[in-house]
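What follows is a short report on a single structure.
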2 protein chains.
Amino acid sequence: MDLPVQAILREVGPRDGFQSVKNFVPTDQKLAVINSIRDAGITEIEATSFVSPKAVPQLRDAAELMEQVMRDGVAYTALAPNLRGAQHAVAAGVNRLAVVISASEAHNQANIRRAIDESLADLDAIFDIADPNGVDVIGSVAVSFGCPYQGDVPLPDVFKIVQAYLERGAKSIIIADTTGMATPNRVDALVRDFQHQFGEVQLILHFHNNRGTAMANLLAALNAGATSFDTALGGIGGCPYVPKAAGNLATEDVVYMLEEMGVHTGVDLEKLIRAAHRLQRFLGYSLPGQVMKSGPRDPERAAQLCDFCTH
Amino acid sequence: MDLPVQAILREVGPRDGFQSVKNFVPTDQKLAVINSIRDAGITEIEATSFVSPKAVPQLRDAAELMEQVMRDGVAYTALAPNLRGAQHAVAAGVNRLAVVISASEAHNQANIRRAIDESLADLDAIFDIADPNGVDVIGSVAVSFGCPYQGDVPLPDVFKIVQAYLERGAKSIIIADTTGMATPNRVDALVRDFQHQFGEVQLILHFHNNRGTAMANLLAALNAGATSFDTALGGIGGCPYVPKAAGNLATEDVVYMLEEMGVHTGVDLEKLIRAAHRLQRFLGYSLPGQVMKSGPRDPERAAQLCDFCTH
């Protein structure tokens, strides 16, 4: 295996997770979770989404939350599905703004009710707000590995949107497997083609686990040279427009696997496991993360962290 | 990636899964599940374990079940934890007998209440029964990637048991990650060392998902040259002596990923998904398999198979 010496994890649970929870999670609980993630050493956190409170009432506290979380040393990102969301996000003082366009027309319509060309046309206005305010834009391409309406999505359709982001000045690109249709061979091909076409641009992979392949996809991406990944504490999340979506890769599971393979993340696994337990208490149901249940490999550490980890 | 053109899946759900279920699954339901797995094209099924009915009452119907399942074209294996179990299994007419020894003393004591040397001493008597009856022996090495009591397990301790099996005439070796402590780098190293030391002996990898790494481990094993894997319908199972064990790799998730990568399994994914749904109805709770929830990638096939798969 050909693994990098370090990797960067971008925590998306507070956005991708809390938007999928049935009930509104109180702002102080969201803040406690975000702070515990930061204290574990995660340096990039997607904290919320500036989306219509009618469409996603779970995140109606986006502006208040952003005001509270801003701290030195951690880059807080917010997602914005459209120009109006971007205006609110920049006004709220985000460091980075994540924008999303789907690589298939059908999913772009379902997700943000726009044709792809309409979304692309909005980009100029979004950059016009972000740039003078010193806000970096991260361009995310949804359903990059397959669309639940269309099936396969050709790579040129994905890269056309990447190109549009980069031409306008995006600093990083998220390639998202929104509905868990990626497989390791598809990931390997995309990562290598991306690097060939776009060189040193930061590529962030965002995998969902709907078909059980997310961790294998991450391994394939690492092996092909990718080093940045979206993960979510406890594995919460999943696209709200994909029923029975299975959630994200759990941040603590990824930290565990990477560190065990000698890939440095700079994250404290034990603090992260405690943060996942706290999140689970807030939400009141069992989360999909596995390391938060089984603990690290060392029997003594596992026993200290999880009363049910070992004998 | 360097992937093989085909792989063999050995179904262990009827043994590893049904032994972990709280209530006794009626024999006719077990048979229905086994038959639906066979009808999907799986050619090796570990159907039960000849274990003390006091220790594992869920499998007290082992002899009756074996009598019912014997059919042409499918190799039915039963597990036996000791000589007495092997006697019963051979008398019941199994094609293959799986025997287990742990690579750590502490786990061998917990699992079968014997020192490793005692288990090794029993092997001669087991082969003495199996050989004249034409029963192949598969030697399984538990906790090969780590022990929940001891932590790391040195490779020589694993290979010492492999060697003992092979010297007595075992045809295949199972390397089991009994408590989900394997990581892709450990898998890569073990598979390559195994091939170096034991050449063409059939190596079967058995991964549990306690720490979320099982599918990544399978990918690493494939990439290192392994082609045989234990999987369990719906992802049921897990060692009964490891609390909160997270189950096996779901057979249908593995078939899905392998076939999508061009690795031929000879298994009909749609039949397997239907079999997993049937198993879930029998057990009455949600199983960890993902493809049984999300369906295959093709939107139309997914919609036909799972009413909640797509929009």
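All of the numbers you see were taken from the coordinates with simple rules; none came from a lab. The model shown is predicted, which means the values in this text are computed figures rather than measured ones. Here Cβ is always computed from backbone atoms with ideal geometry, including for glycine, and neighbour counts include all displayed protein chains.
Which stretch or stretches of the stretch B:62-96 have amide N atoms under 19 Å from the point lying 7 Å from B:A125's Cα along the Cα→Cβ direction?
Counting backbone N atoms under 19 Å from the label point, the list is B:79-92.
Place the label 7 angstrom along Cα→C-beta at B:R192 and in each other copy, then list the distances from the first to the rest in nm, shortest first.
Shortest to longest, the spacings are 1.9 nm.
Computed FRET efficiency, Cβ-Cβ of A:D193 and A:D117, R0 30 Å: what is it to the nearest 0.05?
0.80
What share of the DSSP beta bridges in chain B is antiparallel, in percent to the nearest 5?
Among the beta bridges of chain B, antiparallel pairing accounts for roughly 5 percent.
Quick one: order B:D177, B:D136 by neighbouring beta-carbon count within 10 Å, fewest to most. Mind dumping the intermediate values first?
Numbers: B:D177 27, B:D136 17.
So the residues, fewest neighbours to most, are B:D136, B:D177.
From the label point of A:L120, set 7 Å from Cα along Cα→Cβ, how far away are the matching label points in the other copies, in nm, ordered shortest to longest?
Counterpart label points of A:L120 in the remaining copies fall at 6.8 nm.
Using 0.36 nm per residue, how much length does the chain from A:Y285 to A:E200 gain when fully extended, once their Cα-Cα distance is taken away?
On the way: separation 85, 0.36 × 85 = 30.60 nm, distance 4.11 nm.
Taking 0.36 nm per residue and subtracting the Cα distance, the gain is 26.5 nm.
Using a Förster distance of 60 Å, how high is the FRET efficiency between B:N133 and A:D298, based on the Cβ-Cβ distance and rounded to 0.05?
Efficiency, from the Cβ-Cβ distance: 0.85.
Any idea which of B:A75, B:P148, B:M257 is furthest toward the positive side of the dipole for chain B, if Lys and Arg beta-carbons carry +1 and Asp and Glu beta-carbons -1?
It is B:P148, whose Cα lies furthest towards the positive end.
What share of all Cα pairs of the protein assembly as shown, in percent, falls into each consecutive 10 Å distance bin?
It works out to 3, 17, 27, 25, 15, 8, 3, 1, 0, in whole percents.
Where does the charge balance sit around B:G134 when Lys and Arg score +1, Asp and Glu -1, over other residues with C-beta under 14 Å from its C-beta?
That sum, taken over residues with Cβ under 14 Å, equals -1.
Could you calculate, for the stretch B:8-305, the ratio of the Cα radius of gyration to the Kirkwood radius, expressed as Rg to Rh?
Here the Rg-to-Rh quotient is 0.94.
Using a 10 Å cut-off around each Cβ, can you sort B:R10, A:R84, B:R114 from fewest to most neighbouring Cβ atoms? Walk me through the intermediate numbers first.
Values: B:R10 25, A:R84 13, B:R114 18.
Sorted ascending by nearby Cβ count, the order is A:R84, B:R114, B:R10.
Cα centroid distance between the stretch A:15-63 and the stretch B:103-168, in Å?
Their Cα centres are 50 Å away from one another.
Determine, for B:V187, B:V100, the number of other Cβ atoms within 10 Å of each Cβ, and report the residues in order from fewest to most.
Least to most surrounded, the residues fall as B:V100, B:V187.
Only bridges with both residues in the protein assembly as shown count here: give the DSSP antiparallel percent, nearest 5.
If we restrict to bridges inside the protein assembly as shown, about 5 percent are antiparallel.
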